[in-house]
1. If you go through region 123-167, how many residues are within 9 Å of the chain's Cα centre (by Cα) and among the polar types (S, T, N, Q)?
2. Please specify each residue of region 116-165 satisfying the condition of being over 21 Å from L28 (Cα atoms), open to solvent by 20 Å² or more (accessible area, probe 1.4 Å) and near ligand 1 (Cβ under 9 Å from one of its atoms).
3. Looking at (1) within 18 Å of L139 (Cα to Cα); (2) in contact (Cβ under 8 Å) with a residue 40 or more places away in the chain, can you tell me which one E76 breaks?
4. Answer yes if at least one residue in region 61-79 is more than 30 Å from S33 (Cβ to Cβ), within 16 Å of ligand 2 (Cβ to nearest atom) and over 13 Å from the mean Cα position of the chain (by Cα), and no otherwise.
5. Which members of region 20-29 meet the condition of being touching a residue at least 24 places away in the same chain (Cβ under 8 Å), open to solvent by less than 50 Å² (accessible area, probe 1.4 Å) and assigned to a helix (DSSP H, G or I)?
Amino acid sequence: MVRPVSDFPRPGVEFRHVLNISQQPGGLALCTSLLQTHFAGIWGKVDVVACCEAGGFVYASALALQVNGPLALIREAGKLPTPTVSVFKSTSHISSSTSDYLEGNRIEMERDLIAKGASVVVVDDVLATGKTLCAVLELLNKANIGAKDVSIMVVAEFPVHRGRELLSAGLAVSISRAFWILVVLRKVSRGVGL
Ligand SMILES: O=P(O)(O)OC[C@H]1O[C@H](OP(=O)(O)OP(=O)(O)O)[C@H](O)[C@@H]1O
Ligand SMILES: Nc1ncnc2[nH]cnc12
């Protein structure tokens, strides 16, 4: 069960340890299967699965393995060999509590990793304010991928933070939420004995 943790990592935040699903027996397999089946497109036509550290790496890696596609790993600036392309990322809903992330930081990916015109599926664990995924889309744009070729899938969405509105305000992307978090929890608790 993914229990809500009140006032973590700062007062006023109701934290849900979505990543912890992957630490439960069968949890990662369940999420991978749901992500695979909830995609509205055709996996054979997807060129790359993109993800941002750290939460996205877990679910995207398992999904990429399942659909036999390559990953595009987006990291905090300074951790990938050059040449890279980078953008500023505002702090996410959660990270804004950490002193290191008061305003934000840069995220980057290797330049020319994704071919122009490629079909990209971006996977993350959580969609809250949408700031993280907006930065990812901006990065893909800056790398000349083109947002119209991008779909987004997340394990859990917290609609109260209106991330979809932020995402759809400036960019024409299709957002395929993999499932509601409560549905996952119900399935996890029934299916894998949590
Ligand atoms: O929609 P948002 O408000 O941007 O929140 C979503 C992001 O928040 C979390 O990442 P976090 O910033 O905590 O970094 P981490 O994955 O490295 O822990 C999560 O993994 C998402 O990427
Ligand atoms: N796991 C999480 N719980 C609550 N809000 C979040 N925002 C980003 N990640 C979150």
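1. 1
2. T129, K131, T132, C134, H161
3. (2)
4. Keep residues of region 61-79 that are more than 30 Å from S33 (Cβ to Cβ), which gives 77-79.
The next check asks that each one be within 16 Å of ligand 2 (Cβ to nearest atom); those that pass are none.
Within region 61-79, not a single residue is more than 30 Å from S33 (Cβ to Cβ), within 16 Å of ligand 2 (Cβ to nearest atom) and over 13 Å from the mean Cα position of the chain (by Cα).
5. If the condition is that a residue be touching a residue at least 24 places away in the same chain (Cβ under 8 Å), open to solvent by less than 50 Å² (accessible area, probe 1.4 Å) and assigned to a helix (DSSP H, G or I), then I21, S22, G27 are the ones that fit.
Matching residues to (1) touching a helix residue (DSSP H, G or I) at 6+ places or on another chain (Cβ under 6 Å); (2) surrounded by fewer than 19 Cβ atoms within 10 Å (Cβ to Cβ):
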residue: C31; (1), (2): yes, no
residue: I42; (1), (2): no, yes
residue: C51; (1), (2): yes, no
residue: A54; (1), (2): no, yes
residue: Y59; (1), (2): yes, no
residue: A72; (1), (2): no, no
residue: K79; (1), (2): no, yes
residue: T91; (1), (2): yes, yes
residue: N105; (1), (2): no, yes
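The values are calculated or read from the model by the stated rules, or taken from the named source; none is laboratory data. Source: prediction; values computed, not measured. Every residue, glycine as well, gets a Cβ built from its backbone with ideal geometry; the counts of neighbours run over all protein chains shown. Side chains are part of the model used for accessible areas, which takes the heavy atoms of the whole protein and leaves out ligands, DNA and RNA. Shrake-Rupley method; radii C 1.70, N 1.55, O 1.52, S 1.80 Å.
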